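First comes the structure, then the notes that go with it.
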Amino acid sequence: MRRSWCLGEEPFGKELLARVTERRGACHYLGESQEVEVQKAERMVREQLTRRGWTEAELKHRTKADRHKARIALRLRQQTTMTMEWISRRLHMGTANTLKNTLRLVESRD
């Protein structure tokens, strides 16, 4: 859908894209493209840590549902193809389900 066309109104296309994006998993991205995405995601995490003046240790010690960590996670979801499992593990946010619930809270507040 991102590179092609879709029949129907624009809201319909956006909803389809959101559903596909939400359900993506590790098996959807293979090889070099996944390596590039991991590098991009790692760079984004490092940039966000630097921006906040955090170290890796600080990231570990913050709560799973920390709103700043949630904003980093949300940015990773929006700008990379990294899975919920990868993001939750990388940001020390518990399980993928914990991350999903945290992101829902953050998005509802915005």
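Among residues of the stretch 88-100 being under 20 Å from Ala57 (Cα atoms) and without any contact (Cβ under 8 Å) to a residue 24 or more places away in the chain, the one that is surrounded by the most Cβ atoms within 10 Å (Cβ to Cβ) is Ser88. If a residue has to be at pLDDT 70 or above and not in a helix (DSSP H, G or I) to count, how many in the stretch 9-55 make the cut? Residues flagged as at pLDDT 70 or above and not in a helix (DSSP H, G or I) within the stretch 9-55 amount to 4. In the stretch 56-68, the qualifying residues are those that are part of a helix (DSSP H, G or I) and surrounded by fewer than 17 Cβ atoms within 10 Å (Cβ to Cβ), and the one that is modelled with the lowest pLDDT is Arg67. Only one of the numbered conditions (1) loosely packed, with under 11 Cβ neighbours inside 10 Å; (2) within 11 Å of the chain's Cα centre (by Cα) is violated by Arg75, and that is (1).
Which of the residues that make up the stretch 69-99 are assigned to a helix (DSSP H, G or I) and either of a type in the set (Gly, Ala, Ser) or more than 16 Å from Glu37 (Cα to Cα) (or both)? So that I can check it myself, show each step before the final result.
Our first condition is that a residue be assigned to a helix (DSSP H, G or I); within the stretch 69-99, this holds for 69-79, 84-90, 96-99.
Residues satisfying the conditions are Lys69, Ala70, Arg71, Ala73, Ser88, Ala96, Asn97, Thr98, Leu99.
The values are calculated or read from the model by the stated rules, or taken from the named source; none is laboratory data. Quantities reported herein were computed from a predicted structural model and do not represent experimental measurements. Cβ coordinates were reconstructed from backbone atoms using ideal geometry, including for glycine residues, and neighbour counts include every protein chain displayed.
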